[in-house]
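Single-structure report; data block below.
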Amino acid sequence: MIRKRKHYEAQYRLECRGILRDIKSRGCSICGYNKCVDSIDFHHISLKNNRERDISSMVSKINSRVGIRRIIKEVSKCIIVCSNCHREIHSNIGDLRNHERSREESPQLSIPFIATA
């Protein structure tokens, strides 16, 4: 029984990572970079946004308590940026003025159906 549950959790985790890769494939909301999805990060806009935790740690601990809906909710508090722009933001030299426009233009995140049986 435990082995079967772990199998489903691993499968669910892979599906979740796939959804996050699709979101990241939109590219950087600051410079437009979109060549390598692995170079795209989620940047929390403000720590005052009730940030729950890092998205990567949520995905690694995904189970019945940390589901895809909570992860998508956390992603909605972020902007999508490339690793270079992300480092510039944290060095206080990045330009975040354009991110509001790109968030308004981007479609709402939809949560696809994921089988959990």
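Tabulated values for the structure
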| quantity | calculated |
| --- | --- |
| Flag if R26 is surrounded by 12 or more Cβ atoms within 10 Å (Cβ to Cβ), part of a helix (DSSP H, G or I), under 13 Å from the mean Cα position of the chain (by Cα) and modelled with pLDDT of 85 or more | no |
| Condition broken by I72, with the remaining ones in (1) closer than 21 Å to C28 by Cα; (2) at pLDDT below 80 satisfied | (2) |
| Residue under evaluation I55, criteria (1) within 22 Å of I19 (Cβ to Cβ); (2) modelled with pLDDT under 80, criterion not met | (2) |
| Filtered residues of the range 2-21 (kept if over 18 Å from K73 (Cβ atoms) and in contact (Cβ under 8 Å) with a residue 24 or more places away in the chain) | Y8, E9 |
| Close pairs from the range 22-39: first touching a residue at least 12 places away in the same chain (Cβ under 8 Å) and on the phi < 0 side of the Ramachandran plot, partner aliphatic (A, V, I, L, M) and in a loop (DSSP other than H, G, I, E, B), Cβ under 8 Å, at least 6 apart | I23/L109; I30/L96 |
| Among residues of the range 36-61, those that are closer than 13 Å to N84 by Cα and surrounded by fewer than 12 Cβ atoms within 10 Å (Cβ to Cβ), counted | 2 |
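The values are calculated or read from the model by the stated rules, or taken from the named source; none is laboratory data. Please read all numbers here as calculations on a predicted model, not as lab measurements. Positions of Cβ are generated from backbone atoms using ideal geometry, with glycine treated the same way; all protein chains shown enter the neighbour counts.
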